[in-house]
Amino acid sequence: MSALHDETTVVAAERVSAIEGRLTRIGRSMATAMIPVIGAFVIGGLLLAVLGRNPFSFYGNVIHHGLIGSLGRQETLIRMAPLLLIAAGLMIAFPAGIWNLGTDGQYVMGGVIVADLGPELAPHFSGFVLFTTLFVVGFAVAAIWSLIPAILKAWYGINEIISTLMLTFIGLRFSAFLVKEYFYDRETTVPQTRVLAVADRLPRMFSSRVHIGLVVGFVAVIAVHFMMRNTAFGLRLRIVGMNPKAAIHAGMNMKALTLAIFTLSAGFAGLAAAVNIAGVDGVVRAEWNPAVGLLVVPLVFLARFHAASVIAFIAAFAVFQVGGESASRKADIPNFMVLFMVGLLLVFMALGEYMQLRSSRKH
Amino acid sequence: MVLANELTPSVELIGITKTYPGVVANSDIHLTLRPGEVHSLLGENGAGKSTLIGILSGMVQPDAGEIRIKGETVRINSPRDALERGIGTVYQHSLLVPTLTVLDNLLLGVDQGWKLGRDAAKARLQEVSTLLDVEIDPSSVVGDLALGQRQQVEIVRALWRGEGVLILDEPTSMLTPQGAEKLVQVVRRLVSNGLAVVFITHKLNEALDLGDRVTVLRRGKIVGEVTPAELQNRSRAQITDEVLKMIFGEKSDASYAAFASQVSETADETFRVDHLSVEGSGPHPVLDNVSFTLKRGEILGIAGIDGNGQKELAEVLAGQRHADSGEIILDDQSIQNLSIAARQAKGIRYVTDDRHGEGTVGPLSIALNIVLKRVGEVPFWRWSLVRHSSIREFARKLIHDHDVRAPHEEVAISTLSGGNMQKVILARELALEPRVVVYNKPTYGLDARTTSLVLASIADQAKAGVTTVFISTELSEIVSICHRVAVMYRGKLSEPIMVRSGIELKLGALMTGSTTL
Amino acid sequence: MNGLFSEVFISSLVSGGVIAGIPLIYAGLGEAISERAGVLNVGLEGMMLGGAYGGFVGALHFHSTWFGLLSGGLTGMIISLFMVVLCVRLNSNQIVVGIAITLGAEGVTALLHGAIYADTYPRVPVVHPYAIPFLSNIPIIGPGFFNHHISAYLAVVVVFFVSWVLKSTGIGLSIKAAGDQPHALEAAGGGVHRIRTISVLSTGLLAGLGGSFIVLVGAGLFVPFITNGKGFLAIVLAMLVRGRVRWLIVAGVLFGMSLSLTTALQLAGIDVPIDLVLMLPFVLIIVVLFAFGRRSYLPAALALPYDREQR
Ligand SMILES: Nc1ncnc2c1ncn2[C@@H]1O[C@H](COP(=O)(O)OP(=O)(O)OP(=O)(O)O)[C@@H](O)[C@H]1O
Ligand SMILES: [Mg+2]
């Protein structure tokens, strides 16, 4: 009886200590998550003070206009949609060892075609059909655009960092050319496409401005996460990324896999553009350079391609961007403050990752 | 020999301990290296030998323990520290820069002001390679060399820089018997000048021939030692027996039996290679008109000094390399134009000798590496969805059957010892049901017991009708399991001959290009 | 005298090409060094921009182009310290830190410039070109190529110097080893961290020089985002030449010329869709890659942190 009793207390004690362990682990990872934010805020605050602004009211405004205020929160959620989709694409390419740094070009190319096609199709098709068509077109255009680096890589071994970066510059120019020469709206003075009527845009949710593109983004990130971790295809991609020679030795079809990686990854960038245009923008101007891809790249790495972390990071950065823009306006400093803070946060997050790694090694 | 030297040991390791997650690689190791002595270090795969010499050469930091050099306690924080104290090392796995030339690899890390003394270095390389009787073109790029040649370069480098202590971690695993013989002679000479040598090998005879003293490790602990006096006074057979027991525990049965069985005369010819040629950038073609025909269940040994086209032949057979001309025929059908995967589907398997480069995916678990060539196949995947439980179960079984030393099947394969990694690769291939297997140095880095187990499995497979091409630099292995043997020299394959006793001399001659038999 | 072969077209093309190309050569050389050592420096754009601003401030302060270049180089080097500490020493992800550096530098320089110089928009001291005797007298192309500030010629000298270092010195060998097989470098007694630190600092210095050249010799003043993606182009050029750094001179000038093509075309009064012309340099790079750059080589350990005990 007493032996049994002892056993249960031992088991209970073990369980308690296990729970305690988990709690301290959670506490530690919370701390490592917060330290970068605090660090970045302190240094950013110093710069603000140097510029003669009150850091506290600035940060207060960031939180208020990015997260708490209803308008700001909606804007944040709207911003997240395309970022999530681009991230989904990168979550395929990077683990597979393909450095797709051309998401901006893929985004713009998909976007410009969708922007031209939208107002064209809107009178003839309704809701669901229209949006699916636009999504498929956005995805497909970007995927086709990415066939250039894909084929160069798979058949000729040409480094994709170079080709995708170059194709971003080319894509930006080419889309401007298309808008100016072919897609422009004759009724405006600035070169831009025709505008997709507000009534024809993506349906909103929760009686807010937030459109269903956000859902598409969430689904994409989670689906990619699942695919990379649980399917044979995902494992093949990861093997290609970790040791391409072993992939060849194991009999994998490198050319087909390379094409798949590029088209999927780029396709999501194109889809991101389609979602954004059909959801909020409704139009593309000739000098359009959204430059969203560059920011998503480090976030995806920091999140280690994990869906939950990707979503959390993108949410945090969207809050920061939206709130930061308002706060800068209020403090009457240029918007560049946000850029600087984003850079700082990334640096501190890299530091935080190092600390986390070190503490996990110790324990 | 100088007397004072005998009094102060070159190196003393005192209480060295090193643990990795789930394994104690070294546990309270005490080891003394004396000048003028070759110290053989023996132990099964994963015993902790490489870890120990990693600590001595500065690659690995111990958790506890002390290192004394010439009586003085030191900290070896980096390989640089070790080199500065005259400790030169040949690591188990090539640590050369593949994109640099042989000469530049030898010069790497040597402090010598701005301008590199390439000419002086060339002269010294010439000197050392004459000593070792090796032929290495100093201007060839290391990545183009065969593993055996790379090992020679490493040996040259270690001899060059290890003035006080020379550590050799399986230096002969990739050398020919002649090459190994030469190395032994050189080491002997250096030792007589007062060098202390640590010599790791899985070949017991080598260890006893060359070693003045033998220490055996098992599961991270020292389990026994043979002193110079014992080595001199007791019979070889006795000592061998005892050492084997120390290495493997009581149940040791590591001896080469002759595994070969007869191939049935009436067996049909299944695998034919016709006039395969591959052009090369050097003076000789990589493959020069290679032809042979194999019957069902036959094992053809391919002997030769590493780097004479064996690897390329294997790659062509596997479909990893394009042949410029010739044909490969399986069951009267040409498979020349089939992809690697299609050949695998037809039952052609290639067991690579490059376990780090292409044999494994380092960061992935042992379990996933075991199913590396079966990604997407039932029962490990169903509807393309992974079934971790069945992969793990399968992996656990193979790990157990092949006695792979690992904490569990989920650790990254890159953390395994060299021999255990090789066991995983072999386990993966032997678990399949192939028609034709090409083995490239399958026993490289394996301890004696595992070697004999592997050879037995290959022979069993052949008995069951698997046609085998067995590439090796170990004549003893070829003789023990092959039915016929051919020699590769500069891309040419000699006419296969039946294996019989006493054939080694003839093969040795063929391997060096002599045609007069 | 209008048209593609007019003197005004060619000499503005050449001269503009050199001015636009030199920063690419400096920064591309820097990137080539750290890439060879295994560090993919995506922060090059930020280092150039920081160097541009630092050079600008230095030149204004000391009233000297040379002090400007010096302070620009130093600023680049200081920024590269982030990369050294985070990526080389603490093994953080190089892409993350690189992009962080770029974003941060864009933000800071724009903010500081806005706060301090936005009202006055001061100009830096005028540079005096040095015409190389004889060469600058070659008709049509001579002045375009051989009549520039000395820091332009210096770029060529530095390229040859680095090429020599990589080829014939111990440091050069170590740099290549650090990028291709860092374990081998350590085993041979070298220090991967030390070599990578030196390489990244040199990258910062060279990127800073390139950035300040844009301001001091090219534009004559600083505006936010003045590097305008040149850092990324330099990364591409560095990869394009694949370790044979002397080709950077040719690649930089050719690429610079195609960048200055629009200006030259406008000067020559030729009317083509500007976007297509602006596309040209990038298309050119892909064509060059396709023609010469097959099987492009990248160091095996590029962008991988080094940990000695990891296996
Ligand atoms: N970096 C590491 N991380 C985790 N485990 C390691 C690491 N290095 C070695 N080990 C473990 O330590 C043990 C000893 O390895 P070691 O390489 O010293 O064996 P060895 O005696 O040289 O074997 P072999 O004869 O196969 O080369 C092995 O179980 C191995 O898995
Ligand atoms: Mg070992």
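Derivation of every value follows stated rules applied to the coordinates shown; laboratory data play no part. If you're wondering where the values come from, they're calculated on a predicted model, not measured in any experiment. Methodologically, a virtual Cβ is constructed for each residue, glycine included, from the backbone with ideal geometry; neighbour enumeration extends over all protein chains shown.
Shown here is the pair-distance distribution of the stretch B:445-517: with all Cα-Cα distances grouped in 10 Å bins from zero up to the longest one, the shares run 17, 49, 28, 6 percent. For the pair residue B:385 and residue B:84, label points projected 7 Å from Cα toward Cβ lie 5.9 nm apart. A straight line joining the Cα centroids of the stretch C:244-311 and the stretch B:392-460 runs 48 Å.
What does the structure give for C:275-281 when I average, per residue, the other chain Cβ atoms found within 10 Å of the residue Cβ?
Mean partner-chain Cβ count within 10 Å for C:275-281: 6.
A simple count of charges around residue A:315, restricted to other residues whose Cβ falls under 13 Å of its Cβ and scoring Lys, Arg +1 and Asp, Glu -1, yields +1. Separation of the stretch C:138-199 and the stretch A:222-289, taken as the distance between their Cα centroids, equals 36 angstrom.
Between the Cα long axis of helix B:448-463 and the first principal axis of chain B there is an angle of about 0°, rounded to the nearest 10. By the rule of a C-alpha distance below 12 Å, with chain neighbours fewer than 8 residues away ignored, the aspartates and glutamates paired with residue B:70 are B:6, B:12. A straight Cα-to-Cα reach below 18 Å connects residue A:330 with the aspartates and glutamates A:75, residues fewer than 8 places away in its own chain not being considered. Estimated from helices alone, the mean residue ellipticity of the protein assembly as shown at 222 nm is -17500 deg cm²/dmol (sum of -39500 (n - 2.57) over DSSP H runs with n ≥ 4, per residue). By the count of other C-beta atoms within 10 Å, a proxy for reagent exposure, A:301, C:134 are ordered fewest to most as C:134, A:301. In this structure, residue C:246 and residue B:234 have a Cβ-Cβ separation that, at R0 = 51 Å, corresponds to a calculated FRET efficiency of about 0.15. The average projected area of the stretch B:79-129, computed from the convex hull of its Cα atoms over all directions, is 4.4 nm². Applying a DSSP loop filter and a limit of 11 other Cβ atoms within 10 Å to the trypsin sites (Lys or Arg not before Pro) in the stretch B:1-109 leaves B:75. Residue by residue along C:164-170, Cβ atoms of other protein chains within 10 Å of the local Cβ number 4 on average. Looking at the stretch C:232-289, the trypsin sites (Lys or Arg not before Pro) that sit in a DSSP loop and have at most 13 other Cβ atoms within 10 Å of their own Cβ are C:244.
Label sites at residue B:63 and residue C:138, each approximated as a point 7 angstrom past Cα along Cα to Cβ, lie 6.9 nm apart.
Straight-line cross-link reach from residue B:295 at under 25 Å between alpha-carbon atoms covers these lysines, not counting any fewer than eight positions away in the same chain: B:311, B:346, B:441, B:463, B:492, B:506. Pairs with C-alpha atoms separated by more than 26 Å, drawn from the list A:245/B:182; A:153/B:373; B:18/B:397; A:153/A:180; B:182/B:203, are A:245/B:182; B:18/B:397; A:153/A:180. Across the protein assembly as shown, Cα-Cα distances exceeding 55 Å account for 26% of all pairs. Note on residue A:136/residue C:89: beta-carbon distance plugged into 1/(1 + (r/R0)^6) with R0 of 45 Å gives a FRET efficiency of 0.40. Going from the residue with the fewest nearby Cβ atoms within 10 Å to the one with the most, B:40, B:235, C:163 rank B:235, C:163, B:40.
The residues A:355, C:47, when put in order of fewest to most other Cβ atoms within 10 Å, stand as A:355, C:47. From a point 7 Å beyond the Cα of residue A:289 in the direction of its Cβ, which residues of the stretch C:215-243 have a backbone N at a distance under 13 Å? Within reach of a label on residue A:289: C:224-233.
Relative contact order for the stretch B:4-248: 28 percent, from Cα pairs under 8 Å spaced at least 6 residues apart, divided by residue count. Look at the stretch C:188-197: the mean tally of other chain Cβ atoms within 10 Å of its residues' Cβ atoms is 4.
The order of the peptides B:90-97, A:197-204 by mean Cβ neighbours within 10 Å, most packed first, is B:90-97, A:197-204.
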